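The values are calculated or read from the model by the stated rules, or taken from the named source; none is laboratory data. None of these values were measured; they are calculated from a predicted model. Note that we place each Cβ from the backbone using ideal geometry, even for glycine, and neighbour counts take in every protein chain shown.
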């Protein structure tokens, strides 16, 4: 591993790939073309996919969250809020104009700000998480983190019920982000995570836990709590897997590259996936599409999303991927 952070980029790359695979499975399912085995794969990866993504996002914010100067924090929040609003409008426009999607209700053009209904909920959640993490400068972190754990566990248990999945997800994944922001460095730097047995052992324990949960082996009361614990273990599995892959330079290069370019993939892949799935349903032999459609659509969507970002930025549309006005820090006050 050439850089200590390479494995974090690798883990992010794995996570974004799993996100695209999940959405490709959903898109093909609308055409009755998603093999059941892909749903099993998605279910297996569910406790890894988003917990790892939010954990790493929190880790990358840790210094900004602690910085006494609020400028860096405000720049991040403004940029994230801008990207969420911009791409939400673009997605709503696509849904309105495209024959492949149902037109949104008129109120969605306003309500998306507080009740996102697209894959962009992740960016919306980040803006909220940034503010919660920043609150740790003035409020006791342990109290905030304990409250986040409690709310997440209650959401897993079904104590809280939400009409919008994004609202549930915000509570579900908050502790993973906060753990990444405040308490992650001992885990990230742990030699145990780099032990040769860390990857196979954590994966084996995770697989056993998933099998028991999937088969309904736990009592009903413990089933949701077990899902919460499995997601916590999923972070370790995701990190140890990335470290293992980073031992193979050539293999690791692709997920590391994807991990460093997640934004372009995340914001644009959903309409692309829907278009590719519709095209596959119309053009390909049904059996072949059912068996190979998910990986083919996922890979094509990732490549097209990255290509779109490259073309748009070269054409002068960088404002689609970052706030267009430079947010420069305020000059420090002179000492009297």
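General observations
- Residue match in segment 319-329 (condition: surrounded by fewer than 22 Cβ atoms within 10 Å (Cβ to Cβ) and part of a helix (DSSP H, G or I)): yes
Every residue, every condition in (1) at pLDDT 95 or above; (2) closer than 16 Å to residue 122 by Cβ; (3) part of a helix (DSSP H, G or I); (4) in contact with a helix residue (DSSP H, G or I) (Cβ under 6 Å, 6 or more places away or on another chain), yes or no:
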position: 55; (1), (2), (3), (4): yes, yes, yes, yes
position: 68; (1), (2), (3), (4): no, no, no, no
position: 74; (1), (2), (3), (4): no, no, yes, no
position: 85; (1), (2), (3), (4): yes, yes, yes, no
position: 100; (1), (2), (3), (4): no, no, no, yes
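- Checking residue 122 against (1) surrounded by 20 or more Cβ atoms within 10 Å (Cβ to Cβ); (2) part of a loop (DSSP other than H, G, I, E, B), the condition it does not meet: (2)
- Output for segment 55-78, where each listed residue is buried (at least 18 other Cβ atoms within 10 Å of the Cβ) and farther than 19 Å from residue 173 by Cα: 64, 73, 76
- Test: residue 143 is over 21 Å from the mean Cα position of the chain (by Cα), outside any helix (DSSP H, G or I) and surrounded by fewer than 14 Cβ atoms within 10 Å (Cβ to Cβ): no
- First in segment 305-325 and free of Cβ contacts under 8 Å to residues at least 40 places away in the same chain, second anywhere and part of a helix (DSSP H, G or I), Cβ under 7 Å, 6 or more apart: 312/320
- Output for segment 22-53, where each listed residue is within 17 Å of residue 270 (Cα to Cα) and in a helix (DSSP H, G or I): 22, 23, 24, 25, 26, 27, 28, 29, 42, 49, 50
- Some residue of segment 237-252 being over 20 Å from residue 45 (Cα atoms), surrounded by fewer than 16 Cβ atoms within 10 Å (Cβ to Cβ) and modelled with pLDDT of 90 or more: no
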